[in-house]
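> Sharing a structure with you now.
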Amino acid sequence: MNIVACIKQVPDTSEVKIDRETNTLIREGVPSIINPFDLNAIEEGLLLKERFGGSVTVISMGPPQVESALREALSLGVDRVVLLCDRAFAGSDTLATSCTLAAAIREIGFDLILCGKQAIDGDTAQVGPEIAEWLDVPHLTYISAVEEVSDRSITVSRLLEGGYERVRASLPALLTVVKELNEPRLPGYRASLRAKTEPVTTWGAAGLNLDPANIGMKGSPTKVTRSFVPELGRQGQFLAGSPEEQAAALIAALRSARIVHGSAKES
Ligand SMILES: Cc1cc2nc3c(=O)[nH]c(=O)nc-3n(C[C@H](O)[C@H](O)[C@H](O)COP(=O)(O)OP(=O)(O)OC[C@H]3O[C@@H](n4cnc5c(N)ncnc54)[C@H](O)[C@@H]3O)c2cc1C
């Protein structure tokens with residue numbers, strides 16, 4: 001089974017701060033990580049390879065520094081990594097990103113494509129399903145378990161708000177995955193050594209049979225008209241003192257907000 005896992009390098013959101021003047025992310029000095037859901041995609045690829053054989057290729061589109069994320073993927077034991085890096089890709093929205101990734105995945109060849117359910121920075125959850133549309137294969141989102149795999153089909157559980165849905169799709173297909181799917185492994189010793197020296201295949205626009213009208217700025221119909229931090233409609237308040245004092249302060253606050261009525265004794 002030839003598996004392709006798509007990973008995005010994202011800023012570690014636990015470290016991200018907002019510039020209050022410009023309302024933009026302060027990215028300087030913020031460490032980058034592999035999008036957490038994409039680690040689950042890599043792990044599932046490795047687990048399926050262990051069961052059914054084949055190969056796991058990890059692909060990412062981004063600037064040259066994304067190489068470090070791909071080397072991390074190598075240290076987890078994937079067979080091959082591909083970086084899509086070209087000035088022609090700059091300014092891509094999700095449509096142009098998915099178009100570029102789809103062209104490269106077509107070139108690699110695939111039975112199964114694994115993506116995270118969403119990236120923790122862009123957060124649109126569009127890229128996975130869009131790749132499937134460009135490649136004209138079925139896609140299944142929010143996958144929490146892979147149950148059965150045959151030569152021709154895959155049966156999975158989808159995480160819904162109120163439960164799970166069991167679905168089968170024909171292969172080749174694309175899955176977007178949630179954290180519940182598996183526990184990503186730690187880097188292996190031998191794989192980590194290999195990750196330091198293994199070449200990272202880098203592809204630009206030339207050779208990917210891409211229509212220039214579909215990539216980069218030209219292929220990006222999304223326009224960001226304004227970005228802002230939403231105003232908080234409510235505020236948190238910390239109560240200090242002993243548990244009794246905190247309880248009394250809480251009752252007083254609830255009473256002044258007219259959430260509870262009556263005397264302290266009744267409350
Ligand atoms: C008008 C516009 C211009 C933009 N210009 C730029 C720009 O110049 N530079 C820039 O860095 N970003 C730019 N972006 C952001 C960029 O389009 C998104 O970061 C990208 O398309 C991924 O979308 P997302 O973060 O919502 O991912 P999601 O759709 O939430 O990601 C879902 C999954 O898709 C896969 N995936 C997502 N992105 C990638 C990737 N790059 N490589 C491999 N797999 C991936 C991962 O498996 C991920 O878990 C721009 C966006 C817009 C709207």
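> Need one number: nm distance between label points at LYS223 and THR202, each 7 Å from Cα along Cα→Cβ, rounded to one decimal.
Rounded to a tenth, the inter-label distance reads 3.4 nm.
> Return one number: the angle in degrees, 0 to 90 and rounded to the nearest 10, between the long axis of the Cα atoms of helix 243-256 and the longest principal axis of the Cα atoms of the chain.
Approximately 90 degrees, to the nearest ten.
> For segment 136-190, which semi-axes, largest first and in whole Å, follow from the square roots of 5 times the eigenvalues of its Cα gyration tensor?
In descending order, the three semi-axes are 22, 17, 10 Å.
> How far, in degrees from 0 to 90, does helix 94-108 lean away from the longest principal axis of the Cα atoms of the chain, to the nearest 10?
Taking the Cα atoms of the chain, the angle to 94-108 is about 40 degrees.
> Turning to a different aspect of this structure: Quick one: putting +1 on the C-beta of Lys and Arg, -1 on the C-beta of Asp and Glu, what dipole do you get for the chain around its Cα centre, in Debye to the nearest 20?
Dipole size: approximately 180 debye.
> Something else now. Would you list which aspartates and glutamates come within 16 Å of LYS196, measuring only between C-alpha atoms, while excluding same-chain residues fewer than 8 positions from it?
The reachable aspartates and glutamates, counting only those whose Cα sits under 16 Å from LYS196, are GLU67, GLU72, ASP79.
> Let me ask you something else. Could you line up LEU39, LEU250 from fewest to most neighbouring Cβ atoms inside 10 Å?
Arranged by neighbour count, lowest to highest, LEU39, LEU250 become LEU250, LEU39.
> Still on this model: Measuring from centroid to centroid over Cα atoms, what is the spacing of segment 177-194 and segment 210-231 in Å?
Centre-to-centre distance over Cα atoms comes out at 33 Å.
> Ranked by Cβ crowding within 10 angstrom, fewest neighbours first, how are ILE131, ILE34 ordered?
ILE34, ILE131
> Also, quick follow-up: Count the net charge of all other residues whose Cβ sits under 11 Å from the Cβ of VAL167, scoring Lys and Arg as +1 and Asp and Glu as -1.
+1
> Suppose the chain between GLN235 and ALA191 were pulled fully straight at 0.36 nm per residue; how much longer would it get relative to their current alpha carbon spacing?
11.0 nm
> Round to the nearest 0.05 the FRET efficiency obtained for ASN209 and LYS17 when R0 = 45 Å and r is the Cβ-Cβ distance.
That gives a FRET efficiency of 0.60.
> Relative to the longest principal axis of the C-alpha atoms of the chain, give the angle of the C-alpha long axis of helix 36-52, reported between 0 and 90° and rounded to the nearest 10°.
Helix 36-52 and the main axis of the chain meet at about 40 degrees.
> Using helices alone, what [θ] at 222 nm do you get for the chain, with -39,500 (n - 2.57) per DSSP H run of 4 or more residues, divided over all residues and rounded to the nearest 500?
Computed ellipticity for the chain at 222 nm equals -8500 deg cm²/dmol.
> Please identify, among SER98, SER150, SER32, the residue showing maximal mean-square fluctuation in a Gaussian network model of the chain using a 10 angstrom Cα cutoff.
Its mean-square fluctuation being the largest, the pick is SER150.
> Here is a follow-up. Mind putting together the pair-distance distribution for the chain? All Cα pairs, 10 Å bins, whole percent per bin, short to long.
For the chain, the binned pair fractions read 6, 25, 29, 18, 10, 8, 4, 0 percent.
> For the chain, modelled as a GNM with alpha-carbon contacts under 10 angstrom, which of ARG234, ARG255, ARG226 fluctuates the most?
Result for the chain, Cα springs under 10 Å: ARG255 fluctuates most.
> Going by amide H atoms built from the backbone, whose H comes under 5 Å of the H on ALA5, apart from near neighbours?
Placed amide hydrogens put THR57, VAL58, ILE59, LEU114 under 5 Å from ALA5.
> Order by neighbour count: ASP38, ASP151, ASP79, fewest other Cβ atoms within 10 Å first, most last.
Fewest to most other Cβ atoms nearby, the residues stand as ASP151, ASP79, ASP38.
> Could I ask something else about it? Under 14 Å from the 7 Å Cα→Cβ point of ARG166, by amide nitrogen: which residues of segment 114-147?
145-147
> What shape does segment 30-146 have by the C-alpha gyration tensor, where a ≥ b ≥ c are the square roots of the eigenvalues, rounded means a/c under 1.5, and otherwise prolate means a/b greater than b/c and oblate the rest?
Rounded is the answer for segment 30-146, as its axis ratio a/c remains below 1.5.
Here, each number is a calculation from the coordinates, and none is a lab measurement. Source: prediction; values computed, not measured. Using ideal geometry, Cβ is built from the backbone for each residue, glycine included, and neighbour counts are taken over all protein chains shown.
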